[in-house]
Structures are given as structure tokens and as C-alpha cells.
Amino acid sequence: MEKENQVTDYRYRLRFEKTGTFAYVSHLDLVRTFTRLFMRAELPLYFSEGFNPHPKMVFSAPLPLGTESKTELLDFRTVAELDPAGTLSRLREVSPIGLEIRELYPAEGKLSEIAFAAYALTFFSPLDEKQAAAVSDFFSQPSIPAEKKGKDGVKTVDIRPMIASWELVSDREIRALLSVSSERFLNPDLFSSKLRSFLCERCGAAPSARMLRSAFYRADGVSLFR
Amino acid sequence: MELSELFPLVQKPGRYTGGEYNICIKDKSAVNLRFAFCFPDSYEIGMSNLGLQVLYHALNLAPDVWCERVFAPWPDMEGLMRENGVPLFAWESRDPIRAFDIVAFTLQYELCYSNVLNMMELAGIPLLASERGEEDPIILGGGPCAYNPEPLADFFDLFSIGEGEEALPELADLLKRMKREGRYTRAAFLREAAKLEGFYVPSLYRVSYREDGTLASFSPLFDDVPATVKKRVISDFNDPKYIPIKPFMPFIDTVQDRITVELSRGCIRGCRFCQAGHVTRPLRERTPDVVDAAARETYRKTGYEEVSLCCLSVSDYSGIDELTDRLLSWTGERKVNLSLPSMRADSFTKELMDRTSAVRSSGLTFAPEAGTQRLRDAINKRLTEEDLFHAVDLAFDYGKTSVKLYFMNGLPTETDDDVLGIAELGKKVIDRFYQNPNRNRKKPPSVTVSVACFVPKPFTPFQWEGQNSREELSRKQRLLGESITSRKIRYHYHSADVSYLEAVFARGNRTIGRALLRARQKGLRFDAWDEYFRFDDWMACFAEEGIDPDFFASREMGEDELLPWDFIDCGVTKAHLLRERRRAYEGLPTRNCKEGCSGCGADRFGECLWKKKTR
Ligand code: SF4
């Protein structure tokens with residue numbers, strides 16, 4: 001009987017922010033957090049069939065622990081149509097601090113189409129001229145070898161091709177578009193630590209900085225994902 | 001350095017960040033009393049503790065009291081805090097707890113004592129009560145180990161004995177009132193608090209010793225301080241006010257992360273080694289109505305995927321069918337699982353199994369405690385072999401292949417035959433599997449035999465018994481290990497060293513405090529964790545203080561001896577405990593309370609469900 005109840009299937013997308021201490025909630029813990037949040041808001045979730053039913057959720061590319069984001073996306077399925085505005089406000093009422101759900105709309109396309117994420121790297125103190133020049137030099141390198149920890153040990157990869165574009169917007173902030181597709185995922189922590197150690201080598205010091213993710217783009221540059 | 005700057009540097013920042021859903025945040029300026037509720041173990045263990053949820057909820061009911069959580073920082077965090085001068089803080093506000101009015105520690109097991117002292121040191125609070133000044137917080141202890149608070153007497157200003165839901169808010173009220181009226185000094189407050197029911201102020205009692213080290217006398221210093229401290233029992237266990245229907249929810253993985261509702265307090269069984277079964281009497285049950293309503297409300301506030309019913313023995317709960325019916329009427333469609341963790345093999349039914357996911361999730365666990373019927377009778381664990389076989393048959397019918405069996409070594413009157421009986425019982429369970437026509441044919445059976453060491457506990461019929469020496473316990477563990485030949489039986493046993501230390505603390509007196517102080521100087525902490533437990537250092541602490549730990553752990557205490565915890569009235573009388581001890585030696589079990597009241601005395605503390613029903 002249950003199966004018949006679940007035939008209709010609606011797909012929705014959430015855009016949420018992950019800020020403050022909530023940035024320390026890991027990807028795995030986020031799944032649990034959202035499942036419970038949806039249940040608190042009494043959403044008619046679609047559950048997988050079988051022995052251990054669970055709601056189907058797809059998240060945009062994972063964030064390193066501690067990195068904040070203004071745009072995280074979550075696709076989920078329901079067995080009934082939702083009123084997006086009402087549902088959004090219900091969800092916001094039962095969200096933990098630091099998890100700000102900003103938008104809810106019917107999902108179009110797939111999150112796997114996401115190719116790039118935009119990041120802002122903010123320095124805690126301004127860069128001097130020499131450091132600013134070194135930033136240019138960093139990106140002008142034809143290749144940037146970096147050690148990446150994977151399933152089968154540490155291997156060296158060239159991260160330069162995974163940096164689609166960059167801009168020094170002020171003496172405190174760099175914006176960069178980094179590849180986040182599943183085949184080519186550049187960990188933003190790896191990017192910022194490579195950049196900072198380059199500055200250290202060149203100029204003797206680099207100010208501390210934090211990364212913030214701000215948007216997602218498809219390979220064709222369309223920001224389908226607000 | 002700011003605390004938040006340490007987050008990126010530790011293994012699991014989620015232990016310290018706070019901000020969990022459903023925590024209680026209050027406006028400091030509108031609050032008159034700051035209360036730090038400390039759980040002296042890791043965040044993951046502490047967040048799984050129902051008692052913490054219950055008392056956090058009870059204290060925060062008062063708008064002008066703010067109770068916050070504190071856990072023991074894991075050694076990586078502790079190192080960073082010490083290096084950077086970051087004092088121990090409360091998880092909600094991140095304020096240093098040194099400035100709080102009351103700092104309370106829940107004492108769930110003896111091996112957390114070293115963490116208590118370490119946390120006080122990390123907070124910058126003088127360890128010895130006698131060295132604390134007017135500006136320091138009041139240090140309060142409570143929980144199961146407070147039934148013998150004496151080893152900690154030097155460090156605590158007072159202890160709450162028994163149930164805290166009403167006692168702690170009363171204590172908070174007293175403190176607020178005295179501060180408001182300008183009458184507050186530590187001494188004046190403690191003197192008043194000692195008159196509240198269920199509180200014990202160690203500094204108001206004088207202890208003298210005989211030459212042999214036993215107690216000569218234990219008496220209050222003043223006439224208005226009670227000679228006997230009566231434990232507290234809440235006035236109405238069915239009052240939903242005290243059920244924490246808005247439990248805080250950890251983001252990170254912890255031990256217990258689900259809806260937990262208490263069904264009952266007290267246990268009808270009276271196993272003779274079990275402290276919880278005795279000190280939680282009289283017997284009380286919540287009505288299915290109250291439990292179901294609480295579970296539903298908690299579900300609305302949490303969205304948890306599992307409801308767990310908690311009590312000492314779930315299947316003894318009289319309303320179990322009605323309750324599971326009610327719960328199943330709403331949990332199923334919401335994909336919420338129902339689990340009953342403390343099932344007894346002798347009341348394990350197919351019905352219950354159908355209704356719960358206890359079975360589905362993992363294997364089944366039963367606790368025969370002893371390997372032979374003789375010893376099970378002596379300890380009043382009346383589970384028979386047939387009961388156990390009936391239960392495992394059911395489990396095997398269900399396709400289950402793994403069963404866990406809990407036992408204890410070193411129980412009073414235990415012989416080598418009893419030890420060998422454990423191995424035999426394990427083997428017979430394997431045989432039951434192969435005799436079962438409905439058994440799972442894809443997987444071989446596996447029986448885990450897990451053996452703890454008996455630790456004599458205050459307020460049990462075995463409180464006088466000496467613990468087997470560590471050598472004897474190890475010998476029995478080896479004997480059992482050698483007699484288990486089947487590869488299908490997995491054998492685990494607890495460390496005899498750990499159990500020995502538990503016994504020392506469980507039955508210790510005030511002199512133990514000196515060794516605890518030494519242990520702090522030697523940097524001992526997290527004793528409940530194998531990787532940090534340093535037995536030889538503990539032995540050195542005792543030796544350096546001229547304390548013989550055998551005196552507390554292995555010595556049989558005299559029936560007419562004044563015991564360190566005798567000043568507490570826990571409900572069950574000493575006469576009852578003595579009677580039960582005699583029956584143990586005669587090999588006689590005692591009927592359970594449903595079959596008839598045995599006059600334990602706990603009903604003096606409030607109506608006892610089965611005393612009433614069986615009269
Ligand atoms: S008073 Fe009687 S019925 Fe109640 S717990 Fe004690 S022995 Fe059992």
C-alpha cells in the first residue's frame with residue numbers, strides 16, 4: 001500500500017547558508033540535521049523503500065569543516081506538492097542557529113551539473129603591495145602542484161587548471177571560481193593554504209584568511225543555482 | 001586567545017561549538033543565578049545522558065535561572081586550553097564557569113572522579129572546599145555515585161542525594177533568596193542548604209576513625225544539621241512538567257541520539273549486586289498516556305527517527321501493550337522506530353519483538369549474569385536456562401544469528417564450577433541455534449560472552465562483600481577463556497584493574513580524597529578510557545598517601561561496622577539488605593515485587609506501586 005502512496009514524486013531545491021559555528025557541522029552530520037528538520041516541519045517527504053527507509057537528499061559539493069557558505073544547495077523529494085513560501089517559513093522556524101534557509105523552489109536540472117563554485121578569500125589584515133603582486137604571480141604560474149589526500153594515499157595534482165578565474169577585489173579580498181565537479185574537485189582549503197604558503201615564501205608572511213563560498217555555476221557559466 | 005580560535009585546531013570541533021538545536025539561551029541581564037551542569041566525561045558520552053537532559057530542563061523552567069552544559073574537554077582541547085590560558089567554559093554562553101553561582105557535577109560512575117578534579121582545575125576553581133573563597137562558585141555533586149559521596153567529601157561543598165528535579169530548583173531558590181536579602185555567605189548558605197531535604201554538606205559532619213581504620217563515629221557538628229540525610233524522591237512521577245520534551249540535539253554522532261522517555265523508576269527484581277535497582281525505589285510508573293504524550297511532543301520538537309523507552313526493565317512495565325499500541329499508531333507512518341533497550345529474557349515475547357526495532361537493528365542482548373542456576377539464585381537473578389533458551393529460540397526464529405550474553409565474575413559464593421558454567425551456557429546457545437529448524441542458513445551463529453567483574457556497591461545486599469583480588473579475577477578470566485573452545489563464541493572481559501579501582505572509590509571513605517589530589521598532580525584523567533587509564537600511577541597515589549586500597553575493595557566489611565555511607569537513608573533499609581544477604585548465602589532467591597512486597601522499606605519515601613497492589 002505504501003508504495004502506491006508514494007508514486008507521485010516532487011523535487012524541490014533549498015538554498016541555505018552555513019555560517020558561524022554551524023560551519024563545523026560536517027557533511028555527514030548535515031544529512032541527519034536536515035532529515036530531522038524536515039520532520040519537525042512536517043514535510044511530506046519521500047522515503048526510499050526497503051528495510052531502512054530514509055529520505056532522498058542530494059547536496060551540492062561538500063564544504064571543508066569550518067568553511068562558511070552563503071550558498072549551499074539541497075535537493076529533496078516529497079510525495080505531495082508544497083507551498084514554497086509557507087514551507088520556507090515553517091522550515092526557518094525550526095532551523096538551528098547558523099543554518100539559514102533562504103530559498104525553496106521546484107528543482108530544475110541536477111546538482112551534478114554544477115561545475116564551479118565562487119569563493120571569497122578574506123584576509124584578516126590588508127595585503128601590502130608586495131603581497132598583492134605575489135598574488136598575481138601565484139595565479140600566473142603555469143602549474144600549481146599540490147598534494148592531495150585521497151583514498152589511495154597522497155598524490156600530487158596540478159590545481160591550476162581547476163582555478164577557472166580569479167580577481168583581487170580589494171587589498172583584503174580575492175574572489176576565485178574553483179572547479180567543484182565530482183571528477184575535478186578542488187578543496188577550497190587546499191587552494192587557500194597553497195596561496196598563503198606562496199605568499200609566505202615570497203614575502204615572508206601572509207595574513208590569516210577565511211574562505212566563504214558564495215555561488216554555484218554550471219559549466220556554461222550559467223548560475224542556474226541562485 | 002578566543003575559544004573559537006581553537007576550534008580549527010582540534011580533532012572534533014563539533015564537541016565544543018555549542019549551538020545545538022533546542023539548547024536554552026537566556027538573557028544574562030534577566031538571570032539571577034548561573035548554574036553550570038558539568039558532565040565529567042567526553043561530550044559524546046555526556047550528551048547521551050538522560051539525567052543531564054532532565055535536570056537541565058527542570059532548572060531552566062525558572063526564568064531567572066540559567067543552567068548550561070559543561071563537558072570534559074578531550075585531551076587535545078585540554079592541551080590547547082592550558083597552553084593558551086583559556087579557562088573551562090559553559091557550552092551555551094562560552095562564559096568561564098568560575099564566575100557561576102553553582103557548578104554541579106553529575107557522578108555517573110566512579111572512574112570519572114579524576115575528570116571532576118581536572119575540570120575544576122581547568123576552570124580555575126580551588127579544588128579543596130576548604131580553600132574556596134566567597135567569590136568562588138558552590139560546588140555541588142549528584143547522581144548515582146553520590147550515594148557514597150565520601151571519597152569526594154573534601155572537594156565538594158554539598159551533594160544532592162536522590163532525585164534532583166525538585167531538589168535542585170529548591171537549592172537555586174535558596175541561593176537566590178539569600179543573595180537578594182544580602183544574607184549570602186558560603187557558610188550561611190551551606191548551613192541552610194543542609195536543612196533542605198536530600199542535601200548533604202560534608203563540612204558540617206565530623207568523622208572519627210578507630211585504630212583499624214574503620215569509622216568510629218560520624219555526626220553532625222550542629223544540632224540543626226540532620227544526622228541522617230534522606231534521599232529525595234519527586235512528589236509526582238507522572239507530572240509531565242519534569243519530562244524534557246525539548247531535548248538538545250547534538251550535531252555530531254553521540255552514543256544515544258534519539259527520543260528517550262522514562263517509563264518507570266525502581267525495579268521489582270532486586271538483583272543483589274545492583275545498586276540502581278535498590279536506590280531508585282519506591283516503584284513508580286508513568287501512565288501510557290503521559291509517556292505517549294511526551295514522546296509525541298518530543299517528536300514534534302526534534303524530528304528524531306527513533307523513540308526509546310527507558311527504565312531498568314522495560315518488560316516489567318505494566319502498561320507495555322497499551323503503550324506500544326499507542327506509540328505505533330503514529331510512529332510507523334512517520335518512519336520512526338521504536339526501541340526497547342532493556343529487555344529481560346524471561347519476559348521476552350514474540351509480540352514485543354514484532355513491535356520494536358530492537359531486534360531489527362542489531363543482535364540481541366541478555367544478561368544471565370551468572371553461569372549456573374545455583375549462583376543465579378544466590379544473586380537473585382531468577383532468569384532460568386529455559387527462559388534464556390526461549391528468548392534465543394525466538395531470536396533465531398527471526399533469522400537472527402548473533403546474541404550477546406552478559407555475565408559477572410567474582411560474585412559472592414562463586415566457585416570455579418560457576419565460572420565454567422558460563423562457557424557451557426554459551427555453548428548451549430550455539431546448540432539451540434543448530435537445533436532450530438527456522439534458523440538462518442546463510443550465516444553461522446555468533447555468541448558474544450561479555451564478562452564484567454563484580455564490584456560491591458553501597459546500598460546493595462552485597463555491600464559488605466570483599467571483591468575478589470585482582471589475581472583471583474584474572475585467574476577466573478583465564479579459566480573461562482581456556483574452557484571456551486568454540487570458535488563461534490567471542491569472549492570479552494573487563495579489566496580487573498579498572499574494577500578494583502571502582503571498588504575502592506565505591507566503598508571508600510574521606511581518606512581517599514588525598515589520593516585523588518595526588519592523582520590530579522600526576523595528571524590522571526579519563527580513567528574510563530583504556531588509552532588514558534594508568535593503573536600503576538593510581539597505586540602510587542595510594543602508596544604515597546599511606547592508603548591501603550585493599551581495605552576498601554577486598555575487605556569484607558563487618559555487619560555491625562559503621563559504613564561510610566550509613567548516614568544516608570536511600571529508602572531500602574539496612575535490615576532488608578542484611579536479610580537479602582543471608583538469603584544469598586542460603587541460595588534462596590526472593591520473590592519480585594509484583595509477586596509480593598518483601599518489605600524493603602522504600603515505601604516510606606512515597607507510594608510504592610506494587611506494595612499497594614499486592615497488599
Ligand atoms: S516496598 Fe515492597 S513492593 Fe515496594 S519496592 Fe520495596 S519490596 Fe518492592
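The values are calculated or read from the model by the stated rules, or taken from the named source; none is laboratory data. As the structure is a prediction and not an experimental result, all values here were calculated from the model. Backbone-built Cβ (ideal geometry, glycine too); neighbour counts: all protein chains shown. Keep in mind that these areas ignore ligands, DNA and RNA; they rest on the heavy atoms of the full protein, side chains included. Shrake-Rupley method; radii C 1.70, N 1.55, O 1.52, S 1.80 Å.
For chain B, report the accessible area per residue in Å² (1.4 Å probe, heavy atoms, rounded to an integer).
I get 38 Å² per residue for chain B.
Leaving out ligands and nucleic acids, note down the accessible area per residue over segment A:2-112 with a 1.4 angstrom probe, in whole Å².
Heavy-atom SASA per residue in segment A:2-112 reads 45 Å².
May I ask you to derive the FRET efficiency for B:Lys350 and A:Glu81 from their Cβ-Cβ distance with R0 = 60 Å, giving the value to the nearest 0.05? If you can, show how the numbers build up before the last one.
Values: r = 42 Å, r/R0 = 0.69.
With a Förster radius of 60 Å, E is 0.90.
For B:Glu322 and A:Met57, what does the FRET efficiency come to when R0 = 22 Å and r is the distance between their Cβ atoms, rounded to the nearest 0.05?
Numbers: r = 36 Å, r/R0 = 1.65.
The value I calculate is 0.05.
With an 8 Å cut-off on Cα pairs and a minimum separation of 6 or more residues, tell me the relative contact order of segment B:3-230 in percent.
16 percent
Excluding A:Asp158 itself, calculate the net charge of residues whose Cβ lies under 13 Å from the Cβ of A:Asp158, where each Lys or Arg counts +1 and each Asp or Glu counts -1.
Charge balance near A:Asp158 sits at +4.
In debye, nearest 20, what is the charge dipole magnitude of chain B about its Cα centre with +1 on Lys and Arg Cβ and -1 on Asp and Glu Cβ, if you could check?
Around 1500 debye, computed over chain B.
When the scattering of segment B:252-310 is computed by the Debye formula from its Cα atoms alone, each counted once and equally, what is log10 I(q)/I(0) at q = 0.28 Å⁻¹?
Each listed q corresponds, in turn, to -1.05.
Return the percentage of antiparallel bridges among DSSP beta bridges fully within chain B, rounded to the nearest 5 %.
20 percent
Looking at the P(r) of the protein assembly as shown, how many percent of alpha-carbon pairs lie beyond 52 Å?
22 percent
Place a label point 7 angstrom from the Cα of A:Cys203 along the Cα-to-Cβ direction, then list the residues of segment A:106-137 whose backbone nitrogen is under 19 Å away.
What the label zone holds, given the 19 Å backbone N cut-off, is A:120-137.
Under 8 Å for C-alpha pairs, at least 6 residues apart: give me the relative contact order for chain B, rounded to a whole percent. Could the numbers behind the result be given before it?
Values: 1146 pairs, mean separation 85.3, N = 615.
Dividing the mean separation by the residue count of chain B yields 14 percent.
Mean residue ellipticity at 222 nm from the helices of chain B, using -39,500 (n - 2.57) per DSSP H segment of n ≥ 4 over the full residue count, to the nearest 500 deg cm²/dmol?
-10000 deg cm²/dmol
Against the globular-protein guess of 2.2 N^0.38 Å, express the Cα radius of gyration of segment A:2-112 as a ratio, rounded to two decimals.
1.04
Answer with one residue from B:Ala36, B:Ala188, B:Thr214: the one whose Cα lies farthest towards the positive end of the charge dipole of segment B:3-230, charges on Cβ with Lys, Arg +1 and Asp, Glu -1.
B:Ala188
Of all beta bridges DSSP finds with both residues in segment B:3-230, what is the antiparallel percent, to the nearest 5? Before the final figure, lay out the partial values.
Values: 8 of 26 bridges.
Close to 30 percent.
How much length is gained if the chain between B:Ser329 and B:Glu5 is pulled fully straight, taking 0.36 nm per residue apart and subtracting their Cα-Cα distance, in nm to one decimal?
Once the chain is fully extended between B:Ser329 and B:Glu5, it gains 111.8 nm.
When the expected Rg is taken as 2.2 N^0.38 Å, what fraction or multiple of it is the alpha-carbon Rg of segment B:3-230?
1.02
Which far-off residues, 5 or more places away or on another chain, put their amide H under 5 Å from the one on B:Leu411, with H placed in the peptide plane?
Here B:Phe454 satisfy the definition.
So for segment A:2-112, averaging the separation of alpha carbon pairs under 8 Å that are six or more residues apart and normalising by length, what relative contact order in percent results?
That works out to 46 percent.
Can you give the Rg and Dmax of chain A based on its C-alpha atoms, in angstrom?
Spelled out, the Cα radius of gyration and Dmax of chain A are 19.9, 70 Å.
Using every Cα-Cα pair within segment A:114-217, state what percent have a distance larger than 16 Å.
Of all Cα-Cα pairs in segment A:114-217, 55 percent lie more than 16 Å apart.
By a straight-distance test (C-alpha under 23 Å), which lysines pair with B:Lys28 as possible cross-link partners, with residues fewer than eight away in the same chain excluded?
B:Lys176, B:Lys179, B:Lys246
Once amide H atoms are placed 1.01 Å from N in the peptide plane, what residues at a sequence separation of 5 or more from B:Leu283, or on another chain, have their amide H within under 5 Å of its amide H?
Correct list: B:Leu609, B:Trp610.
Please state the charge dipole magnitude for segment A:2-112, taken about the Cα centre, from unit charges on C-beta atoms (+1 on K and R, -1 on D and E), reported in debye and rounded to the nearest 20.
Numbers: 15 positive and 16 negative charges, 45 e Å.
With only Lys, Arg, Asp and Glu charged at Cβ, the dipole is about 220 debye.
For a Förster distance of 22 Å, can you work out the FRET efficiency between the beta-carbons of B:Ile25 and B:Cys310, rounded to the nearest 0.05?
0.20
On C-alpha positions alone, give me the angle between the axis of helix B:470-483 and the longest principal axis of chain B, in degrees, nearest 10.
It is inclined by approximately 30 degrees.
At 25 °C and 0.890 mPa s, what whole-number value in µm²/s does Stokes-Einstein give for the translational diffusion of segment B:186-294, with Rh from the Kirkwood sum over Cα pairs?
D = 136 µm²/s.
Taking N as the number of residues in chain B, what is its Cα Rg relative to 2.2 N^0.38 Å? Could you put the intermediate results ahead of the total?
Values: Rg = 24.3 Å, N = 615, 2.2 N^0.38 = 25.2 Å.
Cα Rg divided by the expected 2.2 N^0.38 Å: 0.96.
Starting from 0 in steps of 10 Å, tell me what percent of the Cα-Cα pairs of segment B:127-219 lands in each bin.
Spelled out bin by bin, segment B:127-219 gives 15, 46, 30, 8, 1 percent.
Can you give the charge dipole size of segment A:114-217 about its Cα centre, rounded to the nearest 20 debye, using +1 on the beta carbon of Lys and Arg and -1 on the beta carbon of Asp and Glu?
320 debye
Give the aspartates and glutamates reachable from B:Lys427 as a straight Cα distance under 19 Å; neighbours fewer than 8 places away on the same chain don't count.
Hits, sequence-local ones excluded: B:Glu369, B:Glu385, B:Glu386, B:Asp387, B:Asp393, B:Asp397, B:Asp416, B:Asp417, B:Asp418, B:Glu482.
What is the interface area between chains B and A, defined as buried accessible area summed over both chains with a 1.4 Å probe, reported in Å² to the nearest 100?
When B and A are taken together, about 1900 Å² of accessible area is lost.
Run the simple label-point estimate for B:Ala543 and A:Lys149 please: 7 Å along Cα→C-beta, distance reported in nm.
Result for the modelled spin labels: 4.1 nm.
Which value, in nm² and rounded to one decimal, describes the direction-averaged projected area of the C-alpha convex hull of segment B:30-159?
Working: hull surface 30.9 nm².
The number I arrive at for segment B:30-159 is 7.7 nm².
Using the charge dipole of segment A:57-208 (Lys, Arg: +1 at Cβ; Asp, Glu: -1 at Cβ; taken about the Cα centre), state which of A:Phe76, A:Ser193, A:Tyr119 has its Cα farthest towards the positive end.
Looking along the dipole axis, the top candidate is A:Ser193.
Can you list, largest first and rounded to whole Å, the semi-axes you get for segment B:422-559 by taking the square root of 5 times each eigenvalue of its Cα gyration tensor?
38, 17, 12
Using a Cα-Cα cut-off of under 18 Å, which aspartates and glutamates could be cross-linked to A:Lys110, ignoring same-chain neighbours fewer than 8 residues away?
A:Asp9, A:Glu72, A:Asp75, A:Glu183, A:Asp220
Might you tell me the accessible area per residue for segment A:114-217, computed with a 1.4 Å probe and given in Å²? Numbers along the way, then the final one.
Working: 5380 Å² over 104 residues.
That works out to 52 Å² for each residue.
Could you tell me what percent of the accessible area of segment B:3-230 is made up of carbon and sulfur, with a 1.4 Å probe and every protein chain present? Intermediate results must be reported in sequence, preceding the final value.
Details: 3880 of 7710 Å².
Roughly 50 percent of what the probe reaches on segment B:3-230 is carbon or sulfur.
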